[in-house]
Amino acid sequence: MPISRTFVATLSAVALATLSQFAAAADQPVIGLITKTETNPFFVKMKEGATAAAKAHNVKLLTAAGKQDGDNAGQVTAIENMMAAGAKTILITPSDAKAIVPAIKKARDKGVMVIALDSPTDPQEAVDALFATDNYKAGVLIGQYAKASLGGKPARIATLDLFPGHPVGAQRHNGFLKGFGLAANPATSNELSKPAEVVCMADSFGDQAKGQTAMENCLQKNPDINLVYTINEPAAAGAYKALKAAGKEKDVMIVSVDGGCQGVKDVAAGKIAATSQQYPLKMASMGVDAGVQYAKTGKKVAGYTDTGVTLIAGKAAPGVDSKDAQTGLNLCWGKK
């Protein structure tokens, strides 16, 4: 039975369409996003930002995360897998600022552009670029707010920090002290300053339960603490729970950093006096934009880009620029 010309033409059209799809897929840039965890609302919002930007640019986005904060081995494996899958740009929030550097070097040596989001590497120059909050400035803002709000009262400070040696933890801690007007290391230092006004320092790992335990221990050492700095809002929530259990929640001011929706709600409720809000969605979308540009032109981004920070306060403090909790809720990330 002879094959009709119409059938042949239809087959040809299908074949051409299929070849075009394969060609388009081959030309589609591949960008990887590696976060510290998949559960923290900050990184959930970062992934949302990258996904939306990838869809807008017709980019193939690969995503991965460590099992928990500090899982360097998981991030190393993710870099290797993404390179094997053809990623030419990798965006990463480093869990271990130093330990991840050799894996990043291997990727860059093979022509992959690597951009750190939110957290710098150590050294910062280990990546092509950094898109992040100015964490020192975030600390300075809440330090200034706390100083103005105390109104000249002597400060007895507890700091619930991240963990030793992490750049973000050091920058926020030292920035807070600087903003308060106390002796503090510069933004380039990963060492935590401890002036006499700081009567207790404890590691919270940014975790609510660990933050609560840390606050309980600090209260045992010095029941007269009247100001608490926390690395993030989950740690602040833990601190508040410990203070409330001790009947001290109305006598102690808590200041923090992050600007997640739950944290801003805690500002509105008076649990946290003020927080410095950062913008993970913006970091991720800028990273994808840079990856697309690299795929099209071969031009890599370089250096540090500040993605912004805003002080969100329950009550305004004299001489300190801040926005109210409603503004913070309009810009927050996580569940509203």
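The values are calculated or read from the model by the stated rules, or taken from the named source; none is laboratory data. Bear in mind that the values here come from a model prediction, so they are computed numbers and not experimental data. Note that we place each Cβ from the backbone using ideal geometry, even for glycine, and neighbour counts take in every protein chain shown. Accessible surface is based on the protein model in full, side chains and every heavy atom, while ligands, DNA and RNA are left aside. Shrake-Rupley method; radii C 1.70, N 1.55, O 1.52, S 1.80 Å.
Does Asn217 qualify as being more than 22 Å from the chain's Cα centre (by Cα) and farther than 26 Å from Gln68 by Cα? I'd like the intermediate steps shown before the answer.
Details: more than 22 Å from the chain's Cα centre (by Cα): yes; farther than 26 Å from Gln68 by Cα: no.
So Asn217 does not fit the description; no.
Just for the range 208-218: of the residues that are without any contact (Cβ under 8 Å) to a residue 60 or more places away in the chain and of a type outside the set (Gly, Ala, Ser), which one is least open to solvent (accessible area, probe 1.4 Å)? Looking at the filtered set, the residue picked out is Met215.
Condition first: polar (S, T, N, Q), within 25 Å of Lys47 (Cα to Cα) and in contact with a strand residue (DSSP E or B) (Cβ under 9 Å, 6 or more places away or on another chain). Can you find one or more residues in the range 314-335 that meet it? Give the steps one after another, and end with the answer.
Filtering the range 314-335 down to residues polar (S, T, N, Q) leaves 322, 326-327, 330.
Within this subset, residues satisfying the condition of being within 25 Å of Lys47 (Cα to Cα) are 326-327, 330.
Among the residues that remain, those that are also in contact with a strand residue (DSSP E or B) (Cβ under 9 Å, 6 or more places away or on another chain) are: 327.
The answer is yes, given that some residue of the range 314-335 is polar (S, T, N, Q), within 25 Å of Lys47 (Cα to Cα) and in contact with a strand residue (DSSP E or B) (Cβ under 9 Å, 6 or more places away or on another chain).
Checked against (1) of a type outside the set (A, V, I, L, M); (2) under 21 Å from Ala129 (Cα atoms); (3) modelled with pLDDT under 90, Lys47 passes all but a single condition, namely (3).
Apart from one condition, Asn232 fits all of (1) open to solvent by 50 Å² or more (accessible area, probe 1.4 Å); (2) farther than 17 Å from Ser322 by Cβ; (3) in contact (Cβ under 8 Å) with a residue 12 or more places away in the chain; the exception is (1).
Total residues in the range 192-220 satisfying the condition of being assigned to a loop (DSSP other than H, G, I, E, B), modelled with pLDDT of 95 or more and out of contact with any helix residue (DSSP H, G or I) (no Cβ under 6 Å at 6 or more places or on another chain): the figure is 4.
Results for (1) at pLDDT 95 or above; (2) farther than 21 Å from Gln144 by Cα; (3) in contact with a Lys or Arg (Cβ under 8 Å, 6 or more places away or on another chain), shown as yes or no for each residue.
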residue	(1), (2), (3)
Thr297	yes, yes, no
Lys300	yes, yes, no
Ser322	yes, no, no
Gly334	no, yes, yes
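Of the residues making up the range 34-56, those that are part of a helix (DSSP H, G or I) and open to solvent by less than 50 Å² (accessible area, probe 1.4 Å) are Phe42, Phe43, Lys45, Met46, Gly49, Ala50, Ala53, Ala54.
Restricting attention to the range 249-266, which residues are free of Cβ contacts under 8 Å to residues at least 40 places away in the same chain and crowded, with 17+ Cβ neighbours inside 10 Å? Working first, answer last.
The first filter runs over the range 249-266 and keeps only residues free of Cβ contacts under 8 Å to residues at least 40 places away in the same chain, leaving 249-252, 254, 266.
Val252, Ile254, Asp266 - these are the residues of the range 249-266 that are free of Cβ contacts under 8 Å to residues at least 40 places away in the same chain and crowded, with 17+ Cβ neighbours inside 10 Å.
On the stretch given as the range 136-153, residues that are free of Cβ contacts under 8 Å to residues at least 40 places away in the same chain, surrounded by fewer than 24 Cβ atoms within 10 Å (Cβ to Cβ) and of a type outside the set (D, E, K, R) total 2. For Gly165, the conditions (1) assigned to a loop (DSSP other than H, G, I, E, B); (2) within 18 Å of the chain's Cα centre (by Cα); (3) on the phi < 0 side of the Ramachandran plot; (4) not basic (Lys, Arg) are fulfilled apart from (3).
For the range 238-248, a residue qualifies if it is farther than 22 Å from Lys335 by Cα and buried (at least 19 other Cβ atoms within 10 Å of the Cβ), and the qualifying residues are Ala242, Leu243.
The residue that is farthest from Glu48 (Cα to Cα), counting only those in the range 267-296 that are open to solvent by 20 Å² or more (accessible area, probe 1.4 Å) and of a type in the set (Ser, Thr, Tyr), is Tyr294. Looking across the range 155-188, just one residue is hydroxyl-bearing (Ser, Thr, Tyr) and modelled with pLDDT under 95, and that is Thr188. Taking the criterion of being farther than 21 Å from Ala148 by Cα and open to solvent by 70 Å² or more (accessible area, probe 1.4 Å), the residues of the range 187-198 that qualify are Thr188, Glu191. Test Phe205 against the stated conditions and say whether it is among the aromatic types (Phe, Trp, Tyr), under 19 Å from Thr275 (Cβ atoms) and touching a Lys or Arg at 6+ places or on another chain (Cβ under 9 Å). So Phe205 fails the test.
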